[in-house]
Each structure stands twice: as C-alpha cells, then as structure tokens.
Amino acid sequence: MNNKRRNMVFGLAAGALLWGSGYLSAQQPAKRKGWAPGKGYGWVWGKNDEVGALNTLGPDDVREAMRLVRQGKVYDLGITYDRTSYKWPGHSPGEILSFRTPEGVKRQQDNEFTQGPGNASGTAWHSSALFVSDNVATQIDGLGHATEGRDNHWYNGFKAADWGSNWGIRKCGAETIPPIVCRGVLLDVAGHRRVDALPSHFRITRALLQEVATAQRTEIRPGDAVFIRTGTLRYWGETGANQEKIREHDSAGIDVDAAEWLVGDKGAVLVGSDTSGLEVGPVPASSTSFMPVHNYLLIKQGVHIGEFHNLEGLAADRAYEFAYVCGVNKFKGTAAGFVLRPLALR
C-alpha cells in the first residue's frame, strides 16, 4: 500500500471513530432544513404553516430512530389521570361520567339493542362521557397554546381575532401535530445531582444541561426530542393524588437561556420534561411574561413542548438515547394533545 493510500485509509478510520464519539458532529452540527445554528427555526415554513419545527422530521429520522431499538424494550412515558390528579392551576379538573351502564340500560329499557329478541344473553355495555381539560396528564402543547401581545397572536402570526372561536382554535390545534417518530434524548438532571427530585423553584441553566450531557456522554443532534428529568414524577403514584408533594417539585425547570441552547444551538424539535410546565417558576421579576420559555418555544420557534412525560424507567436504566414515538389524539381545535401514552423504544 503506497503512502497516499495508507494516509487516506487511516484518515477515514480516524474520522469514523471521531464521528462515533460524537466529536465531529458536536463541532460541526448537521444541517437540517429550516434550522439555522445559533438562531433555531422560527416562522420559516410559509404563512399558512401550523406544524413548526416538526416539519423537519421525515423518513430518514424514522429509520435513524429505529436503529436505536436493539433490546426490544418499551418504556411507557404516560401517566394515569383521573379527577384526583395534580394539574397546573390554570386548567380545569377532569371528570369521567358514566353515560351508560349495564344496570341503567336494562332498567330504563330505552335502547333497542338490549330490548330486542336477539339479546337472550343479556348483553349490555359501559360508555363514559368526559369533562376534561386539554392540558392535563402526559401532553404535548400545540403551537396555539401560548399567545402574547395586545393582538393575542400565537405561532406564525395567527391572531385570536381571526382564528379564535367558541369551539376551539382554528389554527394550530392539536390535530395538526403529526405523528412523531424521532431520536429521543434524556438529560437526567436529578440523577446527575444525585437527588431523588430537584427542589422547589430549581433553575436548570444552559451550563447545567451542558454539564449533564457531557457527564452522560450524550450528544444532542438537530431533529431530536429532548427530555429533561427533574424527578417530579417519582411521586405521582397511581394517579398523582399527592398534590402537595408533586407541587413541591413541579416548579423546577429550565430557563429561557437553556431553551435557546437546546433549540438555537442544538436543533431540538421538541423539548419536554416530567413536570406540568417544563419551565422554572416563578420567573425573574424582570421577565415580560410569566411563562417566557413557552413563548420562546411555541410562539417564536414553533417547537412543541412535552409535559408530564414519565422518565423514571429511562433514568433507572440510564437509557439516555432511544426512539421516541408519539401520536396525539385528534380533537380538532384543542390547545394540546392530552392524556397521551408516548413510548420510548430501545
């Protein structure tokens, strides 16, 4: 082998090793349509767009995510919800009402199926009517969830005067959130700090996220769904009825600078956590919004927010990289996909 050929082979091998270690991709972020390093995404998909940064996901992302599935292990990231469950105070509680019961339909004799001659077996059924907020339990905030300004505009400049209604929003409702299949990343902040859960009002900064990613040897790439663990959901139990304990830790979260790092510098297309609101509370007195992270992600960047994702199983297995799969219930006009059951596969 001549020297020129030998140098080329060694150079390719070294490059492969560096790429596998994450060094090259960390130094040279992969290009992704719609994303500009240092800037993020923004309103770049046309005046009628309702999807935002999830526009960037495609078949290559699905194939790349599925390559991470080696063990065949499934993590259920959803939490169980009922009328006793903890929720953010800006949303209504949920009630599940028995609409029809076996006893009721037989006693009232008001249904042709139970009363007909073809029901000698006594068949009946249960069905329920739901009164529930569209922002409870495991959820993904739609791009119409947060508004700002005197015109109450949301992502892409849609305004309440033009697109609001008595029957839900008519632009960026949760039904516009496409099925999500992409690489998922866990940043276990609570685990890194060796605590069961972060304390009240704990601010997760850019520097801390960088520290966690380095300690975990975790690379964040453009197109990832990134989830930040505070440990709050270790106290959820069966239905999240321990209101005070959950509230104690639910105020831990990221600040705007950390969100800017995740999206502007790293290219995340979805940012989530195991709390009801993702961001730290309360915000500094100098802030112009009580939820500036929501405004930055949803309104300015078109990046969806995942809330109350159960990350405990992933953290226990130190599963920092996985395939994230989530489909949102298609209630037209809702502000969020709610009571979801997303999956992490590895």
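The values are calculated or read from the model by the stated rules, or taken from the named source; none is laboratory data. Note that the structure is a prediction, hence the values are computed from the model and not measured. Ideal geometry is used to build each Cβ from the backbone, glycine not excepted, and the neighbour counts take in all protein chains shown.
Values computed for the structure shown
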{"read-out": "Checking C182 against (1) out of contact with any His (no Cβ under 8 Å at 6 or more places or on another chain); (2) in a loop (DSSP other than H, G, I, E, B); (3) not polar (S, T, N, Q), the condition it does not meet", "value": "(2)"}
{"read-out": "Extreme residue, farthest from I79 (Cα to Cα), among residues of segment 218-258 that are surrounded by fewer than 23 Cβ atoms within 10 Å (Cβ to Cβ) and among the polar types (S, T, N, Q)", "value": "T218"}
{"read-out": "Scope segment 280-313; condition in contact (Cβ under 8 Å) with a residue 40 or more places away in the chain, closer than 14 Å to D255 by Cα and part of a loop (DSSP other than H, G, I, E, B); matching residues", "value": "V280, G281, P282, S289, M291"}
{"read-out": "Only one of D151, D162, D141 that is touching a strand residue (DSSP E or B) at 6+ places or on another chain (Cβ under 6 Å), surrounded by fewer than 23 Cβ atoms within 10 Å (Cβ to Cβ) and at pLDDT 95 or above", "value": "D151"}
{"read-out": "Failed criterion for V105 (all others in (1) buried (at least 18 other Cβ atoms within 10 Å of the Cβ); (2) touching a helix residue (DSSP H, G or I) at 6+ places or on another chain (Cβ under 6 Å); (3) at pLDDT 95 or above; (4) over 30 Å from R247 (Cβ atoms) hold)", "value": "(3)"}
{"read-out": "Conditions (1) touching a residue at least 40 places away in the same chain (Cβ under 8 Å); (2) surrounded by fewer than 11 Cβ atoms within 10 Å (Cβ to Cβ); number of the one not met by P89", "value": "(1)"}
{"read-out": "Test for E238: is it of a type in the set (D, E, K, R), farther than 26 Å from E211 by Cβ and out of contact with any Leu (no Cβ under 9 Å at 6 or more places or on another chain)", "value": "yes"}
{"read-out": "For A215: the one exception among (1) crowded, with 24+ Cβ neighbours inside 10 Å; (2) of a type in the set (A, V, I, L, M); (3) in a helix (DSSP H, G or I)", "value": "(1)"}
{"read-out": "Subset of segment 259-279 (residues that are surrounded by fewer than 24 Cβ atoms within 10 Å (Cβ to Cβ) and within 13 Å of T230 (Cβ to Cβ))", "value": "G277"}
{"read-out": "Entirely in segment 56-149, the strands (runs of 3 or more DSSP E) that have 1 or more residues that are farther than 22 Å from L186 by Cα", "value": "95-100, 127-131"}
{"read-out": "Top-ranked residue of segment 150-175 - restricted to ones that are within 14 Å of G333 (Cβ to Cβ) and in a strand (DSSP E or B), ranked as farthest from the chain's Cα centre (by Cα)", "value": "N166"}
{"read-out": "Residues of segment 323-346 satisfying the condition of being over 13 Å from the mean Cα position of the chain (by Cα) and on the phi > 0 side of the Ramachandran plot", "value": "G333"}
{"read-out": "Subset tally (residues that are assigned to a loop (DSSP other than H, G, I, E, B) and either in contact with a Phe, Trp or Tyr (Cβ under 7 Å, 6 or more places away or on another chain) or buried (at least 20 other Cβ atoms within 10 Å of the Cβ) (or both)) for segment 185-201", "value": "2"}
{"read-out": "Subset of segment 74-86 that is surrounded by fewer than 19 Cβ atoms within 10 Å (Cβ to Cβ) and closer than 13 Å to V325 by Cα - its residue that is farthest from the chain's Cα centre (by Cα)", "value": "V74"}
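Per-residue answers, yes or no, for (1) outside the structural domain of W236 (by TED's automatic domain parsing); (2) touching a Ser or Thr at 6+ places or on another chain (Cβ under 9 Å):
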{"site": "G104", "(1), (2)": "yes, yes"}
{"site": "E112", "(1), (2)": "yes, no"}
{"site": "P117", "(1), (2)": "yes, no"}
{"site": "S121", "(1), (2)": "yes, no"}
{"site": "H126", "(1), (2)": "yes, yes"}
{"site": "I140", "(1), (2)": "no, no"}
